[in-house]
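Enquirer: Please see the structure below; I have some questions.
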Amino acid sequence: MERTFVMVKPDGVERGLVGEIIGRIEAKGFKLVGLKMLKLSQAMAERHYAEHRGKPFFQELVDFITSSPVVAMVWEGNGVIESVRKLMGKTNPLEAEPGTIRGDFGIYISKNIIHGSDSPESAAREIEIFFRPDELVEYQRSLDKWIF
Ligand code: RTP
Ligand code: MG
């Protein structure tokens, strides 16, 4: 079953948007299989954002993501990677459509509330950075015959 890595960034946590964000992904029908709150170390942040190393915004991004706790999650379901990206909206919240998380709650590209994996390869890599296999929970929901 397809899985994606989702993280409520420090601005989302401090602004009290954790419940709202979990609620939107839950209401869509996806299954939560991993959840933790943590403060990222410098090393973890650099590993997570390795693809952006060398870009002008890299240091600002690492400083921001390590500045305060995040909520890290793994969500499971049919098409979950692309669907969560749609629920998030475009990277720049000013370009993100209303109705998306970034479109509804954000203003700045560098403070865009939520991260979601952008491909199956990214999802596998990112889940491994944040979760041990035994921290991901397999379970059946009564609605799994309708939504999976
Ligand atoms: P994310 O990885 O955080 O889910 O965001 P994304 O895929 O929509 O965007 P990505 O291109 O991967 O960029 C990662 C994060 O870097 C910050 N950024 N700042 N100042 C800038 O031009 C700029 N460009 C990207 C954003 O916070 C973005 O989420
Ligand atoms: Mg990205």
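The values are calculated or read from the model by the stated rules, or taken from the named source; none is laboratory data. Quantities reported herein were computed from a predicted structural model and do not represent experimental measurements. Here the Cβ positions follow ideal geometry from the backbone for every residue, glycine too, while neighbour counts run over all protein chains shown. SASA here: full protein model, heavy atoms, side chains in, ligands and nucleic acids out. Shrake-Rupley method; radii C 1.70, N 1.55, O 1.52, S 1.80 Å.
Enquirer: Cβ-Cβ under 7 Å, sequence separation 6+ or interchain: first residue in segment 8-20 and open to solvent by 40 Å² or more (accessible area, probe 1.4 Å), partner more than 11 Å from ligand 1 (Cβ to nearest atom). Which pairs?
Expert: Taking only residues 6 or more apart or on different chains, the pairs are Glu14/Ser68.
Enquirer: Further question: Pull up segment 90-148, narrow it to residues that are away from ligand 2 (no atom under 16 Å from the Cβ) and open to solvent by less than 60 Å² (accessible area, probe 1.4 Å), then point me to the one that is farthest from Pro69 (Cα to Cα).
Expert: Asp144
Enquirer: So which residues in segment 56-68 are open to solvent by 10 Å² or more (accessible area, probe 1.4 Å) and either without any contact (Cβ under 8 Å) to a residue 24 or more places away in the chain or within 30 Å of Gln140 (Cα to Cα) (or both), if there are any at all?
Expert: Answer for segment 56-68, where residues must be open to solvent by 10 Å² or more (accessible area, probe 1.4 Å) and either without any contact (Cβ under 8 Å) to a residue 24 or more places away in the chain or within 30 Å of Gln140 (Cα to Cα) (or both): Pro56, Phe58, Gln59, Asp63.
Enquirer: Also, I was wondering about something else. Any residue in segment 9-26 that is modelled with pLDDT of 95 or more, in contact with a Gly (Cβ under 8 Å, 6 or more places away or on another chain) and under 21 Å from Glu138 (Cβ atoms)?
Expert: No, the conditions are met nowhere in segment 9-26.
Enquirer: Could I ask something else about it? Which residue pairs have Cβ atoms under 6 Å apart, sit 6 or more places apart or on different chains, and have a first residue in segment 74-101 that is farther than 23 Å from Glu2 by Cβ and a second that is β-branched (Val, Ile, Thr) and within 15 Å of ligand 2 (Cβ to nearest atom)?
Expert: Close Cβ pairs (under 6 Å, with a partner that is β-branched (Val, Ile, Thr) and within 15 Å of ligand 2 (Cβ to nearest atom)) amount to Asn92/Ile109.
Enquirer: Among the residues of segment 131-141, is any under 22 Å from Val62 (Cβ atoms), away from ligand 1 (no atom under 13 Å from the Cβ) and in contact (Cβ under 8 Å) with a residue 40 or more places away in the chain?
Expert: Yes.
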